[in-house]
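Step one of this worksheet: look at the structure below.
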Amino acid sequence: YIIDSGSAEASKTFGNGEEQVIGILHENDIFGEMALIDSLPRSANVVALEDCVVTVMQQDTFNSLSKNNPTALMPILKVLATRLRKALDIVEGFKGQKPNPA
């Protein structure tokens, strides 16, 4: 999905039921891109914070672009790389922290 207008909140629900906001999405932001690549269930929830207009990219469109015009997918790959770097920074922040005794 590409947000054409409006804003939305992305969150992740963990096994213990805790929900963590992972970002606010605005115009030209994308979400759901990982499912286009790996066809697995969504890894986060996205809820509109206001009226939104979104463009939906279907799987067949994505597949056609990947075969016929792969450079058109660069914006999606850049978003994935940015999100991966952010996740790695978070993991790195946990590295070296002592676990809390139970």
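The values are calculated or read from the model by the stated rules, or taken from the named source; none is laboratory data. Worth saying up front: this structure is predicted, and the values here are computed from it rather than measured. For neighbour counting, all protein chains shown are included, and Cβ atoms are generated from backbone atoms with ideal geometry for every residue, glycine included. The area values use the complete protein model at the heavy-atom level, side chains included, leaving out ligands, DNA and RNA. Shrake-Rupley method; radii C 1.70, N 1.55, O 1.52, S 1.80 Å.
Quick rundown of the values:
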| item | result |
| --- | --- |
| Theoretical gain in end-to-end length, Gln20 to Leu84 [0.36 nm per residue, Cα-Cα removed] | 21.3 nm |
| Per-residue ³J(HN,Hα) for the range 67-73, Karplus 6.51 cos²θ - 1.76 cosθ + 1.60, θ = phi - 60°, Hz, x for Gly and Pro | 8, 9, 8, x, 5, 5, 8 |
| Cα pair distances of the chain binned at 5 Å [whole percent] | 2, 10, 16, 22, 20, 13, 8, 5, 3, 1, 0 |
| Whichever aspartates and glutamates have a C-alpha closer than 18 Å to that of Lys86, once near sequence neighbours (fewer than 8 apart) are set aside | Glu9, Asp29, Glu33 |
| Angle in degrees between helix 74-94 and the longest Cα principal axis of the chain, rounded to the nearest 10 | 0 |
| Peptides ranked, highest mean first, by Cβ atoms within 10 Å: ranges 34-40, 89-95 | 34-40, 89-95 |
| Cα gyration tensor category, rounded, prolate or oblate, for the range 1-54 with a/c compared to 1.5 | oblate |
| Listed residues Leu77, Thr13, Gln59: farthest to the positive end of the dipole of the chain (Cβ charges) | Leu77 |
| Å² per residue, accessible surface of the chain at 1.4 Å | 76 |
| Relative contact order for the range 1-71, counting Cα pairs under 8 Å that sit 6 or more residues apart, in percent | 42 |
| Under Karplus coefficients 6.51, -1.76 and 1.60, residue-wise ³J(HN,Hα) of the range 25-35 in Hz, glycine/proline x | 9, 10, 3, 6, 6, 10, 8, x, 5, 5, 5 |
| Surface share of carbon and sulfur [accessible, 1.4 angstrom probe, percent] for the range 15-67 | 52 |
